[in-house]
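Peer 1: I'd like to ask some things about the structure below.
What follows draws every value from the coordinates through simple rules; no lab data is involved. Predicted model only: the values in this text are computed from it and were never measured. Note: ideal-geometry Cβ built from the backbone for every residue, glycine included; neighbour counts use all protein chains shown.
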């Protein structure tokens, strides 16, 4: 016995001729040799008495253990017969009569060391005494000895529904609790690397047990394996979300924050607290249609993402109103659950009215969204970039940079983390990002004629679009199959009632030609023919309202 254990109280097994093994396949051993017990019901009877070793077990409980709901005509007499046969079997092997009658039941008379379950619990008592004295080494030794009593699943081979349903789950939980207690002790003893392998195996067996995962994350991080620690966190988060629809508990969330911002070897007590999870995606675009090839292209960005050697970036480019923002927003919402650490969205105002957003202002917004207090945000942009990339490292976040003016404007907002993915939308190709950062270009074309019809049908109703198909085709042609132009035209037609489609087509013909090269500021001038009594420039103009709604849905502001 270790010296540490002797300081907290010596406990020694008594040498015994007979032993009962419950923490694995049920066995009775005499003189160290496994001996047969008899039929299934005798095994269930002896297992039940062994579980209660030293304490009486009422006949009524034994009946439930042996027969369950299908009881014999005279259950008490049946128990007596099985006890008598079991006594005969045991008496042929050992001299003492160890099954005695106790009141309205029976008792197995054995010493504490004659069942592995009693030895297990006695060693737990030794560990508790060591813990009271603050002796980590003795506590670890006692817990290891307690766990050594286990062989496999408890009571394996015992044909009793009651024991398997009620007792076995309790024993399994007791075993897991002891394992977790031992890992806690080993973490306090700085034995991080020595328990990682066991924890990896146990978390695979118990994918929803948060305590084991927290211990694995801690052990990996303290061993200097920061990336593996974050991978472990994301795995348990995925398990909990997929199986239970839950997020990790407070301990795991605090550990993630510690791994992302702390130092190897730091403890949970030094954790900076929870990291916020930004959810900045705008509402989904109404009546989004088509773009199946483009969506499939973006889906390829997710392939092997977590094993990629570089961050994934795509630049979605195309003329104004072609649906760059709508596509980015629709796809981002579709894959948001694959980015459990959040989604960041920023309208950079690179094109259109007003001044574009500077990289510094955008960085400050992102840093606040990631939990940085305003007073801790650096003044210099270079330092802001460093802090931003440090906070993003190891996190799986989807970043959408909408309406970028140039590669120089977007570049400081690119995280360095390989788990993140970035979408950039712009009217220009941003060749600098393609060349230097390996961004994958996606150039949008106008909608196909079929997609354009589907958009108008979704906005106006399928029946109306089919009835007035000639006007629909003319509107599609005059709007150059641009989604934003079609959206505003549909809003104009809806505001005019029954004659709306023909009037809208007439109004579009009065413009200078198809709307191939429009600007957002020109939205209210597309349709110069105004219904009687309407005010194009007034606050309630149907054109202005449609333009504002479309502009809002295609260029959402970051929050």
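Peer 1: Determine the gain in length on full extension of the stretch residue 337-residue 382; use 0.36 nm per residue of separation and subtract their C-alpha separation, reporting nm with one decimal.
Peer 2: Net length gain for the segment: 13.1 nm.
Peer 1: Let me ask another. Rg(Cα) of the range 292-443 divided by 2.2 N^0.38 Å?
Peer 2: Ratio of Cα Rg to 2.2 N^0.38 Å: 0.98.
Peer 1: To continue, here is another question. Sort 88, 174 so the one with the fewest other Cβ atoms within 10 Å of its own Cβ comes first.
Peer 2: Fewest-to-most ranking of 88, 174: 88, 174.
Peer 1: Based on other C-beta atoms within 10 Å, arrange 492, 69, 175 from fewest to most.
Peer 2: Final ranking by Cβ density, sparse to dense: 69, 175, 492.
Peer 1: Apply 1/(1 + (r/R0)^6) to the Cβ-Cβ distance of residue 121 and residue 184, taking R0 = 22 Å, and write down the FRET efficiency to the nearest 0.05.
Peer 2: Calculated transfer efficiency: 0.70.
Peer 1: Ok, one more. Residue 365 versus residue 133, label points 7 Å from Cα toward the beta carbon: distance in nm?
Peer 2: 6.3
Peer 1: Related question: Which value, in Å to one decimal place, does the Kirkwood hydrodynamic radius take for the range 190-270 when every pair of different Cα atoms is included?
Peer 2: Details: mean 1/r = 0.0808 Å⁻¹.
This gives a value of 12.4 Å.
Peer 1: Classify the range 3-132 as rounded, prolate or oblate from the Cα gyration tensor: take a ≥ b ≥ c as the square roots of its eigenvalues, call it rounded if a/c is under 1.5, otherwise prolate when a/b beats b/c and oblate if not.
Peer 2: Prolate shape, in that a/c is at least 1.5 and a/b is the bigger ratio.
Peer 1: Sticking with this structure for a sec: Between residue 201 and residue 80, what's the calculated FRET efficiency when r is the beta-carbon distance and R0 is 51 Å? Round to 0.05.
Peer 2: On the way: r = 46 Å, r/R0 = 0.91.
Efficiency, from the Cβ-Cβ distance: 0.65.
Peer 1: Using a simple spin-label model with points 7 Å from Cα along the Cα→Cβ vector, what separation in nm is obtained for residue 358 and residue 295?
Peer 2: Result for the modelled spin labels: 4.0 nm.
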